[in-house]
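See below for the structure under consideration.
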Amino acid sequence: MPAKLLHRLLIAPLSYVPQSVVWQMSQRYIAGTNLDGAYSTVRDLNALGCSATVDVLGEDSTSLAEVETARDLYLEALTGISEQLLDCNASIKLSDMGLRFDTDLCYQVLETIVESASRYGNFVRIDMEDSSVTSMTLDIYRKLREEHQNVGTVIQSCLHRSKDDIQSLLDADIAHIRLCKGIYVEPQEIAYTEPDDIRQSYQDLLVQLFEGGATKVGIATHDPLLVEHAEKTIERLKVDKTRYEFQMLLGVAGTIRARLVAEGHPLRVYVPFGERWHAYS
């Protein structure tokens, strides 16, 4: 049975499972429903030698009120991270900032958050969502980078366009990129759909980023084969530790994570939290 079909069959019944039960299964992957839980999780990760990035769970906001709520929570998070001296930055989904209904509002809100992060000497990562907003996301990123250096974005190896997108960012000298496989189900016309093809694309794009002089690369994967390829590529190209970090999700691949940290590789853990945890689960 194809893996994606199996996943759908496993996930479908969850909508009928009581939220209390889903929460019990999800706690290892989610840092609670509020900032206190996020701070505590980040503090524990820092003690283990890991950096972190917090993500306020939620996407596809449909009103100004929802956008402002998300914005204010990020601003509060950045203040708390600074006050508590945590090694942690922020990851943001633009659809949560109104991208799908008001791109100007989205840009204004995102710039407010990026400026706040800059005052604290911190950094913001613009997450990548499905292919319907890839171009809009990259356009906003490019515009922000005209004035702000403390912001990066994400490229997905499953998309056919990613090689050209990376080259464009390299040419503009704004390639501060998290490279991931991509979790969205996309049509074959625009995306690789076979695991081996997605994996090969990831390997090719990682080399492209390093050889092209990317400012920094987030190697976001739990795939043992891709981790091994990345380690060999870093060694072969003699990539300085300031130019890369491995990135992993909270609660996933703990053994690989511990080994990478023990071997001295920089590693950042994605720490999601918030009231809208059920969809993430």
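For Leu237, state whether it is touching a residue at least 60 places away in the same chain (Cβ under 8 Å) and either open to solvent by 20 Å² or more (accessible area, probe 1.4 Å) or over 18 Å from the mean Cα position of the chain (by Cα) (or both).
Details: touching a residue at least 60 places away in the same chain (Cβ under 8 Å): no; either open to solvent by 20 Å² or more (accessible area, probe 1.4 Å) or over 18 Å from the mean Cα position of the chain (by Cα) (or both): yes.
The answer is no for Leu237.
Which one of these is crowded, with 19+ Cβ neighbours inside 10 Å, under 19 Å from the mean Cα position of the chain (by Cα), closer than 24 Å to Gln167 by Cα and not hydroxyl-bearing (Ser, Thr, Tyr): Leu226, Leu267? Steps first, please.
Details: Leu267 fails: closer than 24 Å to Gln167 by Cα.
Just a single option satisfies the conditions, and that option is Leu226.
Any idea which of (1) of a type outside the set (Ser, Thr, Tyr); (2) open to solvent by less than 90 Å² (accessible area, probe 1.4 Å); (3) at pLDDT below 95 is the one Arg276 doesn't satisfy?
Among (1) of a type outside the set (Ser, Thr, Tyr); (2) open to solvent by less than 90 Å² (accessible area, probe 1.4 Å); (3) at pLDDT below 95, Arg276 violates only (2).
Each row is one residue, and each column tells you yes or no for (1) over 30 Å from Ser116 (Cβ atoms); (2) at pLDDT below 95; (3) open to solvent by 30 Å² or more (accessible area, probe 1.4 Å); (4) hydrophobic (A, V, I, L, M, F, W, C).
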| residue | (1), (2), (3), (4) |
| --- | --- |
| Val151 | no, no, no, yes |
| Ile155 | no, no, no, yes |
| Leu159 | yes, no, no, yes |
| Asp171 | no, no, yes, no |
| Arg178 | no, no, no, no |
| Tyr184 | no, yes, yes, no |
| Ala191 | yes, no, no, yes |
| Asp196 | yes, no, yes, no |
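Considering only segment 82-98, how many residues are open to solvent by less than 50 Å² (accessible area, probe 1.4 Å) and either β-branched (Val, Ile, Thr) or free of Cβ contacts under 8 Å to residues at least 24 places away in the same chain (or both)?
Applying the first criterion (open to solvent by less than 50 Å² (accessible area, probe 1.4 Å)) to segment 82-98 yields 82, 86, 88-98.
Among the residues that remain, those that are also either β-branched (Val, Ile, Thr) or free of Cβ contacts under 8 Å to residues at least 24 places away in the same chain (or both) are: 92.
Of the residues in that region, 1 qualify.
Which condition number in (1) within 24 Å of Thr215 (Cα to Cα); (2) crowded, with 18+ Cβ neighbours inside 10 Å is the one that Asp164 fails?
(2)
Kindly indicate the residue of segment 241-264 that is among the charged types (D, E, K, R) and out of contact with any Pro (no Cβ under 6 Å at 6 or more places or on another chain) and also surrounded by the most Cβ atoms within 10 Å (Cβ to Cβ) among those meeting that condition. Steps first, answer last, please.
Taking segment 241-264 as the starting set, the residues that turn out to be among the charged types (D, E, K, R) are 241, 243, 245, 257, 259, 263.
Applying the additional criterion that residues be out of contact with any Pro (no Cβ under 6 Å at 6 or more places or on another chain) yields 243, 257, 259, 263.
Numbers: Arg243: 16, Arg257: 23, Arg259: 13, Glu263: 9.
The residue in question is Arg257.
For segment 125-139, check the following and say yes or no: at least one residue is among the β-branched types (Val, Ile, Thr), modelled with pLDDT of 95 or more and more than 23 Å from Phe101 (Cβ to Cβ).
We begin by selecting, within segment 125-139, every residue among the β-branched types (Val, Ile, Thr); these are 126, 133-134, 137.
Among the residues that remain, those that are also modelled with pLDDT of 95 or more are: 126, 133-134, 137.
Those left that are additionally more than 23 Å from Phe101 (Cβ to Cβ): none.
No, there is no match, as no residue in segment 125-139 is among the β-branched types (Val, Ile, Thr), modelled with pLDDT of 95 or more and more than 23 Å from Phe101 (Cβ to Cβ).
Does segment 71-81 contain any residue that is modelled with pLDDT of 95 or more, out of contact with any helix residue (DSSP H, G or I) (no Cβ under 9 Å at 6 or more places or on another chain) and open to solvent by 60 Å² or more (accessible area, probe 1.4 Å)?
Yes, because at least one residue in segment 71-81 is modelled with pLDDT of 95 or more, out of contact with any helix residue (DSSP H, G or I) (no Cβ under 9 Å at 6 or more places or on another chain) and open to solvent by 60 Å² or more (accessible area, probe 1.4 Å).
Among the residues of segment 200-222, are any of a type in the set (A, V, I, L, M), crowded, with 19+ Cβ neighbours inside 10 Å and out of contact with any strand residue (DSSP E or B) (no Cβ under 8 Å at 6 or more places or on another chain)?
First, pick out the residues of segment 200-222 that are of a type in the set (A, V, I, L, M): 205-207, 209, 214, 217, 219-220.
Imposing the further condition that a residue be crowded, with 19+ Cβ neighbours inside 10 Å reduces the set to 205-206, 209, 214, 217, 219-220.
Add one more test, that the residue is out of contact with any strand residue (DSSP E or B) (no Cβ under 8 Å at 6 or more places or on another chain), and what stays is none.
Looking for residues that are of a type in the set (A, V, I, L, M), crowded, with 19+ Cβ neighbours inside 10 Å and out of contact with any strand residue (DSSP E or B) (no Cβ under 8 Å at 6 or more places or on another chain), one finds none in segment 200-222, hence no.
Which condition does Leu45 not pass, out of (1) at pLDDT 85 or above; (2) among the aliphatic types (A, V, I, L, M); (3) in contact with a Gly (Cβ under 7 Å, 6 or more places away or on another chain); (4) more than 22 Å from Val109 (Cβ to Cβ), if it passes all the others?
Answer for Leu45: the failing condition is (3).
The values are calculated or read from the model by the stated rules, or taken from the named source; none is laboratory data. It should be emphasised that the depicted structure is a prediction, and the values quoted were computed from it without experimental measurement. Reconstructed Cβ throughout: ideal geometry from the backbone, glycine too, with neighbour counts over all protein chains shown. What goes into the accessible areas is simple: the full protein's heavy atoms, side chains included, and nothing from ligands, DNA or RNA. Shrake-Rupley method; radii C 1.70, N 1.55, O 1.52, S 1.80 Å.
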